[in-house]
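Peer 1: Input: one structure, supplied below.
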Amino acid sequence: MNELRIPVSRLTAFIADIFTAAGCARDEAERIAHYLVSANLAGHDSHGVIRVPRYIAWLKEGAVKPGQTLTIVNESPTHALVDGNRGFGQTVGPLAVDLGIEKAKAHGLAAIALRRAGHLGRIGDFGERAAAAGLVSLHFVNVAGGELVAPFGGVERRFSTNPVCIACPRPGAEPLVLDFATSRVAEGKVLVASQGGKPVPEDSLIGPDGTISGDPSLLYGPLEGTLVRDATKGPGALRAFGEHKGSGLAFMCEILAGCLTGGATSGPMPAGPRHITNGMFSIYIDPQHFAGAGFAAAVESYARYVKSSRPATPGSEVLLPGEPEQRRRAERLRDGVPLSAMTWQTICDTAASLGLTPPALGEDNGERAGDRG
Ligand code: NAD
């Protein structure tokens, strides 16, 4: 498989240039680039720069709007219902998190219901933001306008990939961050696989006849002849993780992030371009108002105990939520972000459509690029 390694600073600058050329203010373009590259650094390529062509298409179509802020629909000292006005998730998402942080710091607990946000990307970034402020946080997300996942026992799509994130600060150490899609794999991972990246597990998708498979064409339809993937075109569906339990969690994400926010639940996707928004119901908790000073020590002690479990495979280790991402981040900050040649091509094509010249890659300018099997 042909894979490129792109240094983080060069990739981030190139992505920011693309969003600037597409009409975003420079600070917003840099923020979008920061969060997309952050997802790649965490190892979640599905929510990284692979999304650029789609984000630019949505921007051109008016499905996502630059320069937006939150509208506060309803508020008390411990809660807020906010509307993201179809602004970039990378802009309205952090604003909603900061509102939750401010309220929880003042009152111990806060719930923020965000509706109509542009794609929020990797939710773990928001858990990490709250943890950096010393807060525990829980985030339940749905995707209005996107229907990709079959419920347990069904073959027809009824949910989206509805991620859940729970994050916990650890003073002096990286936070604990549990952050996953409730589908067997995130849709973006099927996108990565469809573009020559890592294949998805063989039990990730289900066909209309109930056949279980790892074939991305069940989601996108025929893959040949185009790099553009449209999830309305496939005859099948993603599967929920964890059988009835993951399916139930995905259902409850729709209730919390779709119904409680007053936004929209997942439903049949209209023909034509897929214009999704995210809903996110978040709870922020200041440990100082609960276990208090003993909380951090209790977390450390228990985390050590969990990690001390004898590895199932000799030579391996038990990892805590967030540890795989921390390790991947350290490796990619050092070696660059790996992208399939096909994914890089789609980003360069998007840049070219906006009149930009992609940065040159090659040994001569310090890049490592080549065949990595
Ligand atoms: P995943 O299956 O890789 O699971 C990631 C979680 O599992 C992390 O908390 C990680 O620390 C933990 N983990 C992974 N390997 C582990 C191990 N060996 N031991 C212990 N813990 C381990 O993630 P995913 O389901 O593919 O989701 C990818 C990303 O997609 C997430 O960041 C999610 O927020 C994002 N997402 C976003 C949307 C959206 O609409 N915005 C939709 C779906 C998913």
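Peer 1: Check 67, 89 and return the single one that is open to solvent by 40 Å² or more (accessible area, probe 1.4 Å) and either in contact (Cβ under 8 Å) with a residue 40 or more places away in the chain or in contact with a helix residue (DSSP H, G or I) (Cβ under 8 Å, 6 or more places away or on another chain) (or both).
Peer 2: Answer to the check: 67.
Peer 1: While we're here: Considering the stretch 314-345 alone, what residues qualify as being of a type in the set (Val, Ile, Thr) and modelled with pLDDT of 95 or more?
Peer 2: Within the stretch 314-345, 318, 337 qualify.
Peer 1: What are the residue pairs meeting all of these: first residue in the stretch 39-54, first residue within 10 Å of the ligand (Cβ to nearest atom) and open to solvent by 10 Å² or more (accessible area, probe 1.4 Å), second residue among the basic types (Lys, Arg) and not in a loop (DSSP other than H, G, I, E, B), Cβ atoms under 9 Å, and 6 or more apart or on different chains?
Peer 2: 43/327; 43/328; 43/329; 43/332; 44/189; 44/328; 45/189
Peer 1: Quick one: which residue in 2, 74 is touching a strand residue (DSSP E or B) at 6+ places or on another chain (Cβ under 8 Å) and at pLDDT 95 or above?
Peer 2: 74
Peer 1: Please specify each residue of the stretch 331-349 satisfying the condition of being assigned to a helix (DSSP H, G or I), open to solvent by less than 50 Å² (accessible area, probe 1.4 Å) and touching a Leu at 6+ places or on another chain (Cβ under 7 Å).
Peer 2: 332, 341, 344, 346
Peer 1: Also: Determine whether the stretch 196-219 contains at least one residue that is closer than 21 Å to residue 50 by Cβ, open to solvent by less than 10 Å² (accessible area, probe 1.4 Å) and assigned to a helix (DSSP H, G or I).
Peer 2: yes
Peer 1: Kindly establish whether residue 158 is among the charged types (D, E, K, R), surrounded by fewer than 22 Cβ atoms within 10 Å (Cβ to Cβ) and more than 9 Å from the ligand (Cβ to nearest atom).
Peer 2: Yes.
Peer 1: Can you work out which of the residues in the stretch 310-337 that are closer than 30 Å to residue 13 by Cα and acidic (Asp, Glu) is farthest from the ligand (Cβ to nearest atom)?
Peer 2: 335
Peer 1: Follow-up. Among the residues of the stretch 168-195, write down those that are open to solvent by 50 Å² or more (accessible area, probe 1.4 Å), near the ligand (Cβ under 8 Å from one of its atoms) and at pLDDT 95 or above.
Peer 2: Correct list: 178, 180.
Peer 1: Another question, then. Determine which single condition residue 20 fails, assuming it passes every other condition in (1) in contact with a strand residue (DSSP E or B) (Cβ under 6 Å, 6 or more places away or on another chain); (2) buried (at least 18 other Cβ atoms within 10 Å of the Cβ).
Peer 2: Condition (1) is where residue 20 drops out.
Peer 1: Which ones in the stretch 291-316 are surrounded by fewer than 12 Cβ atoms within 10 Å (Cβ to Cβ) and assigned to a loop (DSSP other than H, G, I, E, B)?
Peer 2: Residues satisfying the conditions are 292, 293, 308, 309, 310, 311, 312, 313, 314, 315, 316.
Peer 1: Return the residue satisfying two criteria in turn: it lies in the stretch 317-327 and is in a loop (DSSP other than H, G, I, E, B) and of a type outside the set (Asp, Glu), and of such residues it is farthest from residue 170 (Cα to Cα). Quick ask: steps written out before the conclusion?
Peer 2: Of the residues in the stretch 317-327, the ones in a loop (DSSP other than H, G, I, E, B) are 317-322.
If we keep only those that are of a type outside the set (Asp, Glu) as well, we get 318-322.
Values: 318: 18, 319: 15, 320: 12, 321: 12, 322: 12 Å.
In this case the residue turns out to be 318.
Peer 1: Of everything in the stretch 274-290, what is under 30 Å from residue 148 (Cβ atoms), more than 11 Å from the ligand (Cβ to nearest atom) and open to solvent by less than 20 Å² (accessible area, probe 1.4 Å)? Give them in sequence order.
Peer 2: Scanning the stretch 274-290 gives 282, 284.
Peer 1: Shifting gears a bit: Yes or no: the stretch 127-138 includes at least one residue that is near the ligand (Cβ under 10 Å from one of its atoms), open to solvent by less than 20 Å² (accessible area, probe 1.4 Å) and farther than 19 Å from residue 247 by Cβ.
Peer 2: yes
Peer 1: Just the residues that are in contact (Cβ under 8 Å) with a residue 40 or more places away in the chain and within 22 Å of residue 142 (Cβ to Cβ), please, taken from the stretch 210-241.
Peer 2: Answer for the stretch 210-241, where residues must be in contact (Cβ under 8 Å) with a residue 40 or more places away in the chain and within 22 Å of residue 142 (Cβ to Cβ): 219, 230, 231, 232, 236, 237, 238, 239, 240, 241.
Peer 1: Could you list, in sequence order, all residues of the stretch 55-78 that are within 16 Å of the ligand (Cβ to nearest atom) and either within 16 Å of residue 11 (Cβ to Cβ) or among the aliphatic types (A, V, I, L, M) (or both)?
Peer 2: 55, 63, 64
Peer 1: Something else now. For the stretch 110-125, how many residues meet the condition of being within 6 Å of the ligand (Cβ to nearest atom) and crowded, with 24+ Cβ neighbours inside 10 Å? Show your work before the answer.
Peer 2: First pass over the stretch 110-125, keeping only residues within 6 Å of the ligand (Cβ to nearest atom): 119-124.
Among the residues that remain, those that are also crowded, with 24+ Cβ neighbours inside 10 Å are: 120-124.
Final tally of qualifying residues: 5.
Peer 1: Write out, first by first residue and then by second, each pair whose Cβ atoms fall under 6 Å of each other, whose residues are 6+ apart or on separate chains, and whose first residue, in the stretch 1-24, is under 18 Å from residue 334 (Cα atoms) and in contact (Cβ under 8 Å) with a residue 60 or more places away in the chain while the second is open to solvent by 30 Å² or more (accessible area, probe 1.4 Å) and basic (Lys, Arg).
Peer 2: If the second residue must be open to solvent by 30 Å² or more (accessible area, probe 1.4 Å) and basic (Lys, Arg), the pairs left are 3/372; 5/368.
The values are calculated or read from the model by the stated rules, or taken from the named source; none is laboratory data. Quick caveat, the model's predicted, so the values are computed rather than measured. Virtual Cβ from ideal backbone geometry, glycine too; neighbours counted across all protein chains shown. Surface accessibility is based on the protein's heavy atoms, side chains included, excluding ligands, DNA and RNA. Shrake-Rupley method; radii C 1.70, N 1.55, O 1.52, S 1.80 Å.
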